[in-house]
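*Asks:* Got a structure here, written out as structure tokens. Questions coming.
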There are 2 protein chains.
Amino acid sequence: MELYGYWRSSASYRARIALNYKRLDYNYLPVHLLNDGGEQHKQAYKQLNPNELVPTLVDGRNVVHQSLAIMEYLDEKYPGPALLPGKAANRAVIRAMSLDLASELQPLINLRVQQYLTKQLGVSDEGKSAWLQHWFKLSFTAFETSLNDNAGTYCVGDEFSMADICLVPQVYSAERFGIDLSDYPCLREVYGRLSDLPWVAAAHPSKQPDAEN
Amino acid sequence: MELYGYWRSSASYRARIALNYKRLDYNYLPVHLLNDGGEQHKQAYKQLNPNELVPTLVDGRNVVHQSLAIMEYLDEKYPGPALLPGKAANRAVIRAMSLDLASELQPLINLRVQQYLTKQLGVSDEGKSAWLQHWFKLSFTAFETSLNDNAGTYCVGDEFSMADICLVPQVYSAERFGIDLSDYPCLREVYGRLSDLPWVAAAHPSKQPDAEN
């Protein structure tokens, strides 16, 4: 299997954790999101993923993009430790909490949106920081409530799941953007447990071959 | 079953199509997103959905939010016409194309983001219109390519799926925002077929009890 990704991309980070958790071997193919106008916009990559976003998973003849679709695909194709354990109701909670981060927060704070704010709207660094703070606060406040309702050892009960895989990169980027996490004790507690797991730790951006300082 | 939604919300529209397609009866409970500061922010609704977003599905003891999680839940709990037909590879394409719209486009153009642009960043109507045009163009251009690769009668082959359910509300909102669709012939063709389907037509915003002119 081949995973096209970028060390610091949250969605790539999710895919790496999922592959590690399932002990699936893969070649990691870095796509630099900034160099040379962004390698994700080059023709070769666009043919693989018309959305010009990372990650993309190539598994034989199957080409899958979107990190949540990649995780669902892996869970169907390669059972073993489940990314979506339990019955329909539990799986629904896992999916909803995953989407709360991957679909409501991450798309608003990613590189291309930040670039638009700066270049097209002329938003200052302070304005951009306020934008990030705003969406993180809204999202993490709701996520903290969901954790209070659902968390055990991990985000949903005591089994590791896709929701955990979505939380880890989001906390990583929160720290990177200087978001204050003191209002989210349950989130910090769960994150603390997650970051020590070997399959999570190995997926950390700093451990990737394309990591920069 | 109860579905909390708003007539013009894309995510509520998705949930309605899915429920109709599976011929599941439900009570529709309108949550007005604008009146009185937004009913989604009231305590009663927040207890059901801490994200203060619509839709929320209540199925007995199970409370599910996030439209994609609702559709996956319905597909697991109530088989019958599948929202995710086929094997893992086909399901991956359906999920990826669904997320391309639901996760990469919709969160950038929804009400709360538009409100932030106006109120916090002082973006003009022209600037807001350019914002909408930009994200629609990026997303629909990629989606058109995906359709060229995958579409048959519907978005992915000849079977109706979750990808179609995500496309319909997105075209509805594109038309509402005056987005020019002439560059997306395949998208328009598939949409034309979709909008006539009875389970799609019945879910149209204008047919809902909370519809306004």
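*Asks:* Which of the residues belonging to the range A:76-114 are outside any helix (DSSP H, G or I), on the phi < 0 side of the Ramachandran plot and more than 10 Å from chain B (Cβ to nearest Cβ)? Full working, then the answer.
*Replies:* The initial filter retains those residues of the range A:76-114 that are outside any helix (DSSP H, G or I), namely A:78-87, A:103-105, A:110.
Right, trim to on the phi < 0 side of the Ramachandran plot and you get A:78-79, A:81-85, A:87, A:103-105, A:110.
Result: A:Pro79, A:Pro81, A:Ala82, A:Leu83, A:Pro85.
*Asks:* If you scan the range B:155-165, which residues turn out to be out of contact with any Pro (no Cβ under 9 Å at 6 or more places or on another chain), part of a loop (DSSP other than H, G, I, E, B) and among the acidic types (Asp, Glu)?
*Replies:* Matches in the range B:155-165: B:Asp158 only.
*Asks:* Any residue at all in the range A:118-136 that's of a type in the set (Ser, Thr, Tyr) and within 11 Å of chain B (Cβ to nearest Cβ)? Walk me through how you get there before you give the answer.
*Replies:* If we filter the range A:118-136 for residues that are of a type in the set (Ser, Thr, Tyr), which is where we start, we get A:118, A:124, A:129.
Checking the rest, the ones that are also within 11 Å of chain B (Cβ to nearest Cβ) come to A:124.
Checked against the condition, which is being of a type in the set (Ser, Thr, Tyr) and within 11 Å of chain B (Cβ to nearest Cβ), the range A:118-136 yields at least one hit.
*Asks:* Give the range B:122-131 a look and list any residue that's surrounded by 18 or more Cβ atoms within 10 Å (Cβ to Cβ) and part of a loop (DSSP other than H, G, I, E, B), or say none.
*Replies:* B:Val123
*Asks:* Could I ask something else about it? I need the full set of residues from the range B:61-74 which are more than 20 Å from A:Leu105 (Cβ to Cβ) and in contact (Cβ under 8 Å) with a residue 40 or more places away in the chain, in order please.
*Replies:* Just the residues of the range B:61-74 that are more than 20 Å from A:Leu105 (Cβ to Cβ), to begin with: B:61-63, B:71, B:73-74.
Of everything in the range B:61-74, those that are more than 20 Å from A:Leu105 (Cβ to Cβ) and in contact (Cβ under 8 Å) with a residue 40 or more places away in the chain turn out to be B:Met71, B:Leu74.
*Asks:* In the range A:4-32, which residue that is crowded, with 23+ Cβ neighbours inside 10 Å and not in a helix (DSSP H, G or I) is farthest from the chain's Cα centre (by Cα)?
*Replies:* Here the answer is A:Val31.
*Asks:* Okay, next question. What number goes with the only condition from (1) surrounded by 20 or more Cβ atoms within 10 Å (Cβ to Cβ); (2) closer than 25 Å to B:Ile94 by Cβ that A:Asn62 does not pass?
*Replies:* (1)
*Asks:* How many of the residues in the range B:166-202 are assigned to a loop (DSSP other than H, G, I, E, B) and closer than 26 Å to B:Ala142 by Cα? Full working, then the answer.
*Replies:* Of the range B:166-202, the ones assigned to a loop (DSSP other than H, G, I, E, B) are B:177-184, B:196-197, B:202.
Those still in the list that are closer than 26 Å to B:Ala142 by Cα too: B:177-184, B:196-197.
Residues in the range B:166-202 being assigned to a loop (DSSP other than H, G, I, E, B) and closer than 26 Å to B:Ala142 by Cα: 10 in total.
*Asks:* Given the condition closer than 30 Å to A:Leu57 by Cα and among the polar types (S, T, N, Q), answer yes or no: does some residue in the range B:80-90 qualify?
*Replies:* Taking every residue of the range B:80-90 in turn, at least one turns out to be closer than 30 Å to A:Leu57 by Cα and among the polar types (S, T, N, Q).
*Asks:* Also, quick follow-up: Could you please let me know if B:Leu68 is under 20 Å from B:Pro205 (Cβ atoms), within 9 Å of another protein chain (Cβ to nearest Cβ) and assigned to a loop (DSSP other than H, G, I, E, B)?
*Replies:* No.
For every residue, the table says whether it meets (1) over 17 Å from A:Asn51 (Cα atoms); (2) buried (at least 17 other Cβ atoms within 10 Å of the Cβ); (3) at pLDDT 95 or above.
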| position | (1), (2), (3) |
| --- | --- |
| B:Ser98 | no, yes, yes |
| B:Leu111 | yes, no, no |
| B:Gln133 | no, no, yes |
| B:Glu144 | no, yes, yes |
| B:Thr153 | yes, no, yes |
| B:Val156 | no, yes, yes |
| B:Pro169 | yes, yes, yes |
| B:Pro185 | yes, no, yes |
| B:Arg193 | yes, no, yes |
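*Asks:* Let me ask something additional. For the structure I just gave you, tell me whether A:Leu53 is touching a residue at least 40 places away in the same chain (Cβ under 8 Å), farther than 23 Å from B:Leu108 by Cα and part of a loop (DSSP other than H, G, I, E, B). Please lay out each step first, then the result.
*Replies:* Numbers: touching a residue at least 40 places away in the same chain (Cβ under 8 Å): yes; farther than 23 Å from B:Leu108 by Cα: no; part of a loop (DSSP other than H, G, I, E, B): yes.
No; evaluated as a whole, the condition is false for this residue.
*Asks:* Given the options A:Val63, A:Val93, name the one that is modelled with pLDDT of 95 or more, among the β-branched types (Val, Ile, Thr) and either within 30 Å of B:Gln133 (Cα to Cα) or not assigned by TED's automatic domain parsing to the domain that holds A:Phe140 (or both).
*Replies:* Values: A:Val93 fails: either within 30 Å of B:Gln133 (Cα to Cα) or not assigned by TED's automatic domain parsing to the domain that holds A:Phe140 (or both).
None of the other options fit; the residue is A:Val63.
*Asks:* Then there is this: Given the structure, is B:Asn20 polar (S, T, N, Q) and within 17 Å of B:Leu111 (Cα to Cα)?
*Replies:* Working: polar (S, T, N, Q): yes; within 17 Å of B:Leu111 (Cα to Cα): no.
No.
The values are calculated or read from the model by the stated rules, or taken from the named source; none is laboratory data. All of these numbers come straight from a predicted model, not from anything done at the bench. A quick note on method: Cβ atoms are made from the backbone with ideal geometry, for glycine too, and the neighbour counts reach across all protein chains shown.
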